Each structure stands twice: as structure tokens, then as C-alpha cells.
1. What FRET efficiency comes out for Ala47 versus Arg249 if R0 is 25 angstrom and r is the Cβ-Cβ distance? Round to the nearest 0.05.
2. Report the relative contact order of the stretch 238-306, percent, no decimals, based on alpha-carbon pairs under 8 angstrom and at least 6 residues apart.
3. Out of Leu154, Val172, Phe192, whose Cα points farthest toward the positive end of the dipole of the stretch 154-198 (charges: +1 Lys, Arg; -1 Asp, Glu; placed on Cβ)?
4. Looking only at the chain, where both bridge partners belong to it, what percent of the DSSP beta bridges are antiparallel (to the nearest 5)?
5. Using a 10 angstrom cutoff on alpha carbons, build the Gaussian network for the chain and name the most mobile of Phe269, Phe57, Phe145.
6. Using the crude model of +1 on Lys and Arg Cβ and -1 on Asp and Glu Cβ, and no other charge, please compute the dipole size for the stretch 12-297 relative to its Cα centre, in debye to 20.
7. Is it possible to state the helix-based mean residue ellipticity at 222 nm for the chain, with each DSSP H run of 4+ residues giving -39500 (n - 2.57), the sum divided by total residues, to the nearest 500 deg cm²/dmol? What is it?
8. Could you work out which residue, out of Ser222, Ser31, Ser85, moves most in a Gaussian network model of the chain, that is, has the largest mean-square fluctuation with Cα springs under 10 Å?
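Nothing in this text is a laboratory measurement; each read-out follows from the coordinates by a stated rule. Remember, predicted model here, so these are calculated numbers, not experimental data. Note that each Cβ is placed from the backbone with ideal geometry, even for glycine, and that neighbours are counted across all protein chains shown.
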Amino acid sequence: MKDPKIIRDNYALAGVLEAILLIALVAIIISMIQLYYVPEIMEQKEADHMDQVSNQFAQLKSVIEIQSMMGAMDTGQPITYTPMSSPINLGSKELPYLISARSYGQIDLIDEETSLNYKISIIPAPGDFPNGIPLTSIVYEAENFYFVDQIYILEGGGIILKQPNGGEVMRVYPGIVVENNTDQNNIRIKYFIPLFKGVPGKKVWGDYKECYVHTNFTNHYSYSGSANLLYIATDYPNAWFDCLLNESRGILWEYFDNGHINVVLDDSFTPNRIIITPSPGFTINLDLTIAEIGVQVGPGYAIPKS
């Protein structure tokens, strides 16, 4: 019987080592992509999503203003009251095949029933709103995983951007026009105010997918008269104050700088107030158009009870 012979082959060992090294190289490359590139890609993706939400809120504001204009000129045609749907992308999806997290968002309707102390008050008060005009809002709050969280608020006809660090700015100004008659020391403020009215069960929706905000015109009120005092009670006083008194583009800056009116941010109340009063010898006259807008958030549309 012949003794078995062991043949040593270095080529087989070299092939195994080569495969192990290739696997290690691929693992290192994937790890580099996962640790450094995926967060950057996802941060940019969430930033682009915030820009998209900003544009969608601007479109929502335009839809509400068009509906209000049609309602004010109502000739009895049913189309005036037909709801229109505005899409809002609540979040963004994760990347395929790689480990990443999707972002989420939520929309809340703060309507005339839930606005509580948030209001626009006038002295003397309008007959239709003796306790002030409710300062209603549509609020989108992002829950980002990579990019800074942001909150968009459509309030009083303006669009406000708020961040967790406390910074807030009025991205789109409300519909306020100011006229000054220097001969009569008369400052006339024309203001279009949307007043949101919700339906129970259709005031909040959260997800990462697309959501629809359904709006329809229901009624409008008009008010004209002088004001000894006007104040805006809001959770976003810095955005409103900058909107009114920014030196380069503030709505009331010219009249404040000329000493015709006084504008003060009063933080001794909760919520804080922006107080507007005429200077001695001057008069503030208001022309207000208040459009009541039905708002529903989420899938489907519920027909409100008449």
C-alpha cells in the first residue's frame, strides 16, 4: 500500500486571501458612504423638502386669497363655495439599500374655537367681534432627523418660519396696506384677515406622505372705523414686530420713524402683544376685510353641517 502524498498549493490560499481583502475593501467603502455621505445626502434631501414646504405654504396662501376674493364678489354661483385642495408634503423617505431615517411632519389647524387668547383686538371694538378677531393659523411642524427642525405658520395672512433655537421670521407678509393723508393727519390701514373655521376630527394630521389641506370660502365681514388702540396677541411676536418695523421693508416703519404712530412689543402678557397706537394729533382708521374660510386637514372631505 502506497503512502498518501500531501500536495501543498499556495495558489488556493492566495485566492482565499484575495477574496477576504476584497470583502474588507467593500465593507470599508460602504462604511465610509454610510458614515460620511449618507448624512450629507439626507441633510440636503430634508433641506430641499423644507424649501418645498415653503413653496406649498405660499401656494396655500394664494388659494385662500383667491377664494376670499371670489367670495367677496359672490354672485350666488355654487362654485364660489367649492373646496380646493392644497398639497403639503409632510416628510421625506429614506434612501434605498442604505441605513437612513425618514422625516415626518404634522399639520395642526388652530381655528376660531382653539385660538383662545390669540387675537387681533381693536378699541373701540367692531360690532361683529366685540372680544377681538381670532388670530387663527395653519401650522406645519417638521420632525427632521438630519436637518434642523422647522415650523411653518400661516397666521393672520402671513407666513412665519420658526426654528427650535427661537429664531422666527415673517417669510411672506400679511395683506396689509397703509395710506397716509398728511393734510388730515390720518393713517389708514387696510388689512385682509383670513379667519379659519375647522370641523371636528379634521384639524390635525401627521405622516411622512403627502397631505391635503381643503379650504373653502364660507362668509366675510367688513369693518371700517377709527382705532385708539390695536394689538396683535401671538406666539410669534418677534416675527410680527420685525414685519411691521424692519427699517428696510417694515410695513409701518415709515410712519413710526416719522412719529405718526407708536409700535411696542409688550412681553408682560401671555401671549405677547404687538401694540399699535396713534401719536398725539394723529388718527388711525381701519378698513378690515375678514374672510371666513372652512379648513379641513387630511384625506377625504367631510361636509359640514349647515
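1. For Ala47 and Arg249, the calculated efficiency is 0.50.
2. Once divided by the residue count of the stretch 238-306, the mean separation gives 17 percent.
3. Most positive-ward Cα: Leu154.
4. Expressed as a percentage, antiparallel bridges in the chain total about 85.
5. It is Phe269.
6. Taking the Cα centre of the stretch 12-297 as origin, the dipole is about 380 debye.
7. -8000 deg cm²/dmol
8. Between Ser222, Ser31, Ser85, it is Ser31 that shows the largest mean-square fluctuation.
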